[in-house]
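S.K.: Submitted below is the structure of interest, expressed as structure tokens.
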Amino acid sequence: MNLDEVLSTQFRKIEDILKKHQVYLVGGYLRNYFLKNELSYDKDLVCLDNSKILALEIAKKLDGTFIELDKENQIYRVVLKDKKNFFDISLALENDILKDAKRRDFTINSIFYDLNKKEIFDPLDGIGDIKKRIIKTYDLNNLKDDPLRFLRLYRFISLTGFEADRELSEFCRNNFELVFNCAKERINYEIIQMFEGSYISQTLLKMYDDGTLEKLFPFVKEIKRVPSNSHHHLDLVHHSIETVRNIRINKPVLKIAAFYHDIGKPSTWTIEPKGRHRFIGHDIKGAQIVKSELEKLKFSNKQISYIQKMIKYHIYPATLIHANDTKKDNNNKAFARFIRKLGSDTPDVIELSRADRLSARGSAVSEQMVQEALNHLDNLLNYYNEVKNMAQNPKSLLDGNEIMQILNIKPSKLLGEIIEKLIEAQLSNSVKTKEEAIEFVKNIGI
């Protein structure tokens, strides 16, 4: 569908309201249309009369929630009932749509569509810059108006794969510290958005080359001390970025975990007499020290716990591979313990382990070693998919009372451990019936 057809569908319910105002659609919705990306849930509207009245009318018509974002600058939000779609409605700068275009962050976000005349207004040739795949700004000082725009530049590079204009890139590099004058919550939002982009690894490399990566993520100063070695063809910064690149799941918080996964290596780094680099316990150490880094960037407790979990267990799948037993039952038991420990996060840990393996191709690592590791990880994931319903809703074949009666024991920590072992045995398929469960409990040894 062309733009007119798309927008007539989207705005049909409020067409009568729009006719009473001089109003334009602008920003990400139009940018995504011209990029042929999925259209965004948020729609930015700019009007030339009264943004508050327009927002209130739209909220009433669509049974949405009216929110005042910025009273002084007359910016309002209407959140629809699905909690996903929303309108941000503002007044044009000095009631002048051209001035409004010239004060925006980037030209690719300065494309307007007159919703009544059904005409494109593109005074800064934002559509042309989209075709050229370049990010520019009309006035470099626009970025200083809201310094978060220096970080937003990298977010748009990650989302689009575009190159930054040379002058803009240099200006950002020289003024990036101004970002930290912004609220940490806003910085956190931009980081999450940046890691959602399809071009995040290229963006991280650009930030590293620009010198802005370690300003945003201070741990980079430490990990860049660790060079390549016989097991890693890349130094630790580039290995971390390569691990992000190899994550196939578009889950920003997993990609962030991949970026941080070796944060514990500098503090656990030793070199053996024969020259081998060792990082014993870096997974545990990393999970401990990442917490303060993430707290400073205002990640939520839930996000921090998830990232800590990914870091703590990112080499666990590899230990299962190295401990691979010729007996399938033994393998299944080890797999079952792994799944019980990781729960629904099992696939994410496997994905991180896979990406880590693909990103370490030192001279001591053969192609056969890599392929064998990938095959084992596939087997582990397949096993999880077979038993995940039971793993997510575990139910012992014997309840606590039955086990206490069989073993003549009282409620205790031991009882809980026995139930856990029984569930693991069920997950590994070594115990399938109640009779087998009774025998398992009798022989468990207490």
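The values are calculated or read from the model by the stated rules, or taken from the named source; none is laboratory data. Quantities reported herein were computed from a predicted structural model and do not represent experimental measurements. Note that each Cβ is placed from the backbone with ideal geometry, even for glycine, and that neighbours are counted across all protein chains shown.
S.K.: For segment 94-116, check the following and say yes or no: at least one residue is exposed (fewer than 15 other Cβ atoms within 10 Å of the Cβ), in contact with a Lys or Arg (Cβ under 6 Å, 6 or more places away or on another chain) and β-branched (V, I, T).
M.R.: No, segment 94-116 contains no residue that is exposed (fewer than 15 other Cβ atoms within 10 Å of the Cβ), in contact with a Lys or Arg (Cβ under 6 Å, 6 or more places away or on another chain) and β-branched (V, I, T).
S.K.: Would you pick out the residues in segment 117-144 that are in contact (Cβ under 8 Å) with a residue 40 or more places away in the chain and either in a loop (DSSP other than H, G, I, E, B) or at positive phi (or both)?
M.R.: Residue satisfying the conditions is K118 alone.
S.K.: Just to be sure, is D329 acidic (D, E), assigned to a helix (DSSP H, G or I), over 27 Å from L234 (Cβ atoms) and modelled with pLDDT under 90? Show your work before the answer.
M.R.: Working: acidic (D, E): yes; assigned to a helix (DSSP H, G or I): yes; over 27 Å from L234 (Cβ atoms): yes; modelled with pLDDT under 90: yes.
It is true that D329 is acidic (D, E), assigned to a helix (DSSP H, G or I), over 27 Å from L234 (Cβ atoms) and modelled with pLDDT under 90.
S.K.: Still on this model: In segment 270-282, which residues are buried (at least 17 other Cβ atoms within 10 Å of the Cβ) and assigned to a loop (DSSP other than H, G, I, E, B)?
M.R.: F279
S.K.: Return the pairs, sorted by first residue and then second, in which the second residue is polar (S, T, N, Q), the first residue lies in segment 164-176 and is under 20 Å from I130 (Cα atoms), the beta carbons are less than 7 Å apart, and the residues are 6+ apart or on different chains.
M.R.: Final answer for the pair search is L168/T137.
S.K.: While we're here: Answer with yes or no whether K255 is part of a helix (DSSP H, G or I) and surrounded by fewer than 20 Cβ atoms within 10 Å (Cβ to Cβ). Talk me through it step by step, then tell me what you get.
M.R.: On the way: part of a helix (DSSP H, G or I): yes; surrounded by fewer than 20 Cβ atoms within 10 Å (Cβ to Cβ): no.
No: the conditions fail for K255.
S.K.: Does segment 196-203 include one or more residues that are hydrophobic (A, V, I, L, M, F, W, C), at negative phi, in the same structural domain as R278 (by TED's automatic domain parsing) and buried (at least 20 other Cβ atoms within 10 Å of the Cβ)?
M.R.: Our first condition is that a residue be hydrophobic (A, V, I, L, M, F, W, C); within segment 196-203, this holds for 200.
From what's left, at negative phi: 200.
Then keep just the ones that are in the same structural domain as R278 (by TED's automatic domain parsing); that gives none.
No: segment 196-203 contains no residue that is hydrophobic (A, V, I, L, M, F, W, C), at negative phi, in the same structural domain as R278 (by TED's automatic domain parsing) and buried (at least 20 other Cβ atoms within 10 Å of the Cβ).
S.K.: Looking only at residues that are under 30 Å from K432 (Cβ atoms) and touching a helix residue (DSSP H, G or I) at 6+ places or on another chain (Cβ under 6 Å) in segment 288-317, which one is modelled with the lowest pLDDT? Give the derivation first.
M.R.: First, the residues of segment 288-317 that are under 30 Å from K432 (Cβ atoms): 313, 316-317.
Those still in the list that are touching a helix residue (DSSP H, G or I) at 6+ places or on another chain (Cβ under 6 Å) too: 313, 317.
Numbers: Y313: 97, P317: 93.
The extreme case among them is P317.
S.K.: Of these, S412, S396, S363, which one is within 28 Å of S240 (Cα to Cα) and either in contact (Cβ under 8 Å) with a residue 24 or more places away in the chain or surrounded by fewer than 19 Cβ atoms within 10 Å (Cβ to Cβ) (or both)? Steps first, please.
M.R.: Working: S412 fails: within 28 Å of S240 (Cα to Cα); S396 fails: within 28 Å of S240 (Cα to Cα).
Sole residue among the options that is within 28 Å of S240 (Cα to Cα) and either in contact (Cβ under 8 Å) with a residue 24 or more places away in the chain or surrounded by fewer than 19 Cβ atoms within 10 Å (Cβ to Cβ) (or both): S363.
S.K.: Same structure again: Does A323 meet the test of being of a type outside the set (V, I, T) and either more than 30 Å from L234 (Cα to Cα) or modelled with pLDDT of 85 or more (or both)? I'd like the intermediate steps shown before the answer.
M.R.: Numbers: of a type outside the set (V, I, T): yes; either more than 30 Å from L234 (Cα to Cα) or modelled with pLDDT of 85 or more (or both): no.
No.
S.K.: Check H231 against each of (1) out of contact with any Phe, Trp or Tyr (no Cβ under 9 Å at 6 or more places or on another chain); (2) within 22 Å of Y199 (Cβ to Cβ) and name the one condition it does not meet.
M.R.: Against the list (1) out of contact with any Phe, Trp or Tyr (no Cβ under 9 Å at 6 or more places or on another chain); (2) within 22 Å of Y199 (Cβ to Cβ), H231 comes up short only on (2).
S.K.: Residues in segment 202-252 that are within 15 Å of the chain's Cα centre (by Cα), polar (S, T, N, Q) and assigned to a loop (DSSP other than H, G, I, E, B): how many?
M.R.: 2
S.K.: Could I ask something else about it? Scan segment 250-278 for residues that are within 18 Å of S353 (Cα to Cα) and at pLDDT 95 or above and report the count.
M.R.: Number of matching residues: 15.
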